[in-house]
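Everything on this sheet refers to the single structure shown next.
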Amino acid sequence: MSSNLIVNLTFDFAIKIVRYSHHLEENKKYVVAKQLLRSGTSIGANVREAQNAESKNDFIHKMKISAKEAGETEYWLLLCKETGYPNCDELLDEVKSIIKVLSKIIIKCKKNLH
């Protein structure tokens with residue numbers, strides 16, 4: 001594992017999303033499973049890509065994409081919760097924490113640009 005907090009958080013979260021999406025598919029929630037799998041794993045993929053950014057602006061851009069994907073993931077998890085699908089509260093808490101960390105990283109990087 002990396003020593004980078006956000007890389008580790010988003011990778012661990014992606015593993016949980018893969019498992020949860022599989023559970024959704026087993027219960028024939030195919031559309032939600034597919035959307036959640038796509039957005040939930042994209043967060044970490046973009047964070048990982050940001051680690052090799054070509055510039056600070058490129059890094060910020062990739063982290064913003066991660067934040068957008070995290071917001072979409074939160075939407076799908078809220079949809080699961082509100083439609084009575086169990087066991088998504090922990091994932092919701094995790095994605096909210098990831099959104100906070102990403103926001104702090106983006107804000108700090110923007111300040112360092114000037």
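The values are calculated or read from the model by the stated rules, or taken from the named source; none is laboratory data. What you see is a predicted model, and the numbers here were worked out from it, not measured in a lab. Please note: Cβ atoms are built from the backbone with ideal geometry, for glycine as well, and neighbour counts cover all protein chains shown.
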Residue pairs, Cβ under 6 Å, 6 or more apart or interchain, first in the stretch 100-114 and farther than 13 Å from D58 by Cβ, second surrounded by 11 or more Cβ atoms within 10 Å (Cβ to Cβ) and among the small types (G, A, S). List them.
L102/S66; L102/A67
Sort out which residues of the stretch 68-100 are in a helix (DSSP H, G or I) and among the polar types (S, T, N, Q), and write them in order of number.
T73, S97
Could you tell me which residue of the stretch 87-114 is surrounded by the most Cβ atoms within 10 Å (Cβ to Cβ), considering only residues that are touching a helix residue (DSSP H, G or I) at 6+ places or on another chain (Cβ under 6 Å) and closer than 15 Å to W76 by Cβ?
V95
Against the condition hydroxyl-bearing (S, T, Y) and within 19 Å of V7 (Cβ to Cβ), how does T73 come out, does it pass?
yes
If you go through T41, T83, T73, the only one that is among the β-branched types (V, I, T) and modelled with pLDDT under 95 is T83
Options S97, S39; residue that is in contact (Cβ under 8 Å) with a residue 40 or more places away in the chain, under 19 Å from I6 (Cβ atoms) and of a type in the set (S, T, Y)
S97
Out of I65, I60, which single residue is assigned to a helix (DSSP H, G or I), surrounded by 14 or more Cβ atoms within 10 Å (Cβ to Cβ) and over 14 Å from the mean Cα position of the chain (by Cα)?
I60
Being part of a helix (DSSP H, G or I), among the small types (G, A, S) and farther than 23 Å from E90 by Cα is the filter here; which residues of the stretch 17-57 pass it?
A50
K28 fails exactly one of (1) in contact with a helix residue (DSSP H, G or I) (Cβ under 9 Å, 6 or more places away or on another chain); (2) modelled with pLDDT under 95, namely (1)
Which members of the stretch 68-86 meet the condition of being surrounded by 19 or more Cβ atoms within 10 Å (Cβ to Cβ) and polar (S, T, N, Q)?
T73
Can you run down the residue pairs with Cβ atoms below 6 Å, 6 or more apart or on separate chains, where the first is in the stretch 8-27 and more than 15 Å from Y85 (Cβ to Cβ) and the partner is part of a helix (DSSP H, G or I)?
L9/I98; T10/I43; T10/G44; T10/V47; F11/G44; F13/E94; A14/T41; A14/G44
